Amino acid sequence: METEAAELVLAGGHVIDPAGGVDGVADVALGGGRVIAVGPGLATGAAQVIDVSGHYVTPGLIDLHVHAFDGHRNSVLSLNPIINTFSSGVTTIVDAGTSGWKDFHEFKSRIIDHAKIRILAFVNIVGAGMYGPWEDDPAELRPGPAAAIAQEYADVVVGIKTAHYWIKRDFDAEHPPWLAVDSAVEAGELAGVPVMTDFFPWKEERRYSDLILHHLRPGDIHTHVFAQQFPIVDDQGKVRDHLWQARERGVIFDLGHGSASFWFQNAAPAVRDGFVPDSISTDLHTGNLNGPVIDLQTAMNKILNLGVPLADVIARVTVAPAREMHRPELGTLAPGAEADVAVFALDRGDFGYLDSGRVRLAGDRRLRCRLTLRAGEVVLNPDGLGRPTWQEQPESRAEVALLAQSGDAPAGSAVAP
């Protein structure tokens, strides 16, 4: 196979690329910020080769649910977009409705356009965005403007989001139970994009089964599927019929871990019964980055240690979210795809994982990211894979110091005082 153009080859790793049907030992050749090829014997002639044997090589991960509009009016929520992302093998994040149709312009110009990580977004049906009394204001729930923003910024907007509407209060003529959901779905229809719902079933007028069976369309997404408030499993630990029926009609179920939305009491029996979320995401924000969420690889490890095979876990953070967003060019190592790649060790040992109730799952496996590339550039390499030792450096510290004194030190050289 022709590899003369390869700038970098990741050699000898176990490649898992569900989109391409690859699950075995292979080399990954990269050049020009793109994937050149995946297969055997690609290292010959490459400008650089990193031996990743004994590791798993995957497409860069996609976190379908984060909050990354740092400096938004709800600044207590959003993070800088590279916090706990590259370090977890994530190269694409999707902001889940932090901004609405009134302030998406600011999010795009101030955050998205300047980020090294790829940022996509759901636009909130609420004009002022997430977290505030405006979420309950019917005047803010406007399908037309939300759809217009989705169409104007179609390069980065992947859907419409609804959340937090009129929770634990009696409905009235001004605040009917399905106003937010139905407004978001109308915007999704107008813009031709899916809807993501963060939903709280409250009273008989707003039942969970009605959401997934009658209000959401095929391709729409319910995030926080294993939250405590949802009737997921019955007294025998079996997944309830309405979930199977909704999945059959094409509704998507996303993990959306969050501070309060992932409970082993729902997740463990559901997974045991064969109901695994279609995608795994974090809902990463300032309130959970130090626990219980931490990052995407930690969420993946919880699902892995509940018994889901590794290849299926990888699919749910690569090809599955790409498909849910209608972005098939992402989450793959297909030749020509942008060179977003992650390399993981799979540690064996005695590990523990917490859910939103801070109860523990004992596990014996842990994925640990060792290398992340975004568009072919190494953006995470904490262990220095493929780097020379300090003894092998072409210039010693003394030589660099002499150059510094003469004003000829290479740019970026570090000289000890």
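Find the relative contact order for the chain and round it to a whole percent, using C-alpha pairs within less than 8 Å whose residues are 6+ positions apart.
About 17 percent, as a whole number.
Set the Förster radius R0 to 25 Å, insert the Cβ-Cβ distance between D312 and Q265 as r into 1/(1 + (r/R0)^6), and round the FRET efficiency to 0.05.
Efficiency, rounded to the nearest 0.05: 0.70.
Multiply the residue gap between E205 and R169 by 0.36 nm, knock off their C-alpha separation, and tell me the result in nm, one decimal place.
11.8 nm
Give me the accessible area per residue for the chain, probe 1.4 Å, as a whole number in Å².
With the other protein chains kept in place, the chain gives 41 Å² per residue.
Using each residue's phi in the range 324-336, evaluate 6.51 cos²θ - 1.76 cosθ + 1.60 at θ = phi - 60° and report the 3J(HN,Hα) Karplus result to the nearest Hz, with x for Gly and Pro.
5, 8, 6, 10, x, 6, 9, x, 8, 10, 5, x, x
Would you please put 54-60, 33-39 in order of how densely packed they are, using the mean number of other Cβ atoms within 10 angstrom per residue and starting with the highest?
In descending order of packing, they fall as 54-60, 33-39.
Could you sort D63, D136 by accessible area so the largest value comes first, with the probe set to 1.4 Å?
D136, D63
Using only protein heavy atoms and a 1.4 Å probe, report how much of L289 is accessible, in Å² to the nearest 10.
L289 exposes around 30 Å² with every protein chain in place.
Let me see the pair-distance distribution of the range 53-134: every alpha carbon pair, 10 Å bin width, integer percents in order.
Per 10 Å bin, starting at zero, the Cα-Cα P(r) for the range 53-134 comes out as 19, 50, 21, 7, 3, 0 percent.
With every protein chain left in place, what is the accessible area of V379 in Å² (1.4 Å probe, nearest 10)?
V379 exposes around 40 Å² with every protein chain in place.
So how far apart, in nm, are the two label points at S109 and A154 if each is 7 Å from Cα heading toward Cβ?
Spacing of the two 7 Å Cα→Cβ label points: 2.3 nm.
Any chance you could check the Cα centroid distance between the range 315-378 and the range 241-256 for me, in angstrom?
So the two Cα centres are separated by 23 Å.
Determine the order of V49, V157 by accessible area, beginning with the largest, at a probe radius of 1.4 Å.
V49, V157
Assign one of three labels to the range 10-77, namely rounded, prolate or oblate, based on the Cα gyration tensor with a ≥ b ≥ c the square roots of its eigenvalues; rounded applies when a/c is under 1.5, prolate when it is not and a/b is larger than b/c, and oblate otherwise.
Prolate, because a/c is 1.5 or more and a/b exceeds b/c.
Which longest uninterrupted range of the chain lacks any GluC sites (Glu not before Pro) assigned by DSSP to a loop state (not H, G, I, E or B) and surrounded by at most 13 other Cβ atoms within 10 Å?
Segment 5-173 is the longest.
For the pairs K116/K161; K161/K302; K161/K203; K108/K203, flag any whose C-alpha to C-alpha distance is greater than 29 Å.
Over 29 Å apart, Cα to Cα: K108/K203.
Report, for the range 1-107, the % of DSSP beta bridges that are antiparallel, rounded to 5.
60
Measure off, as a whole percent, the carbon and sulfur share of the 1.4 Å-probe accessible area of the chain, all protein chains present.
51
How long are the semi-axes of the equivalent ellipsoid of the range 1-142, defined as square roots of 5 times the Cα gyration tensor eigenvalues? Whole Å, largest first.
Calculated on Cα positions only, the semi-axes equal 41, 14, 12 Å.
Under a 1.4 angstrom probe, counting protein chains only, how are K168, K108, K302 ranked by accessible area, largest first?
K168, K108, K302
Skipping prolines and chain starts, which residues have an amide H placed within reach, meaning under 5 Å, of the one on R366, given they are 5 or more residues away or on another chain?
D347
What per residue convex hull volume, in Å³, comes out for the range 135-243 when only alpha-carbon positions are used?
Expressed per residue, the convex hull around the Cα atoms of the range 135-243 is 109 Å³.
The values are calculated or read from the model by the stated rules, or taken from the named source; none is laboratory data. What you see is a predicted model, and the numbers here were worked out from it, not measured in a lab. Here the Cβ is made from the backbone with ideal geometry for all residues, glycine too, and neighbour counts use every protein chain on show. Side chains included, ligands, DNA and RNA excluded: accessible areas come from the protein's heavy atoms. Shrake-Rupley method; radii C 1.70, N 1.55, O 1.52, S 1.80 Å.
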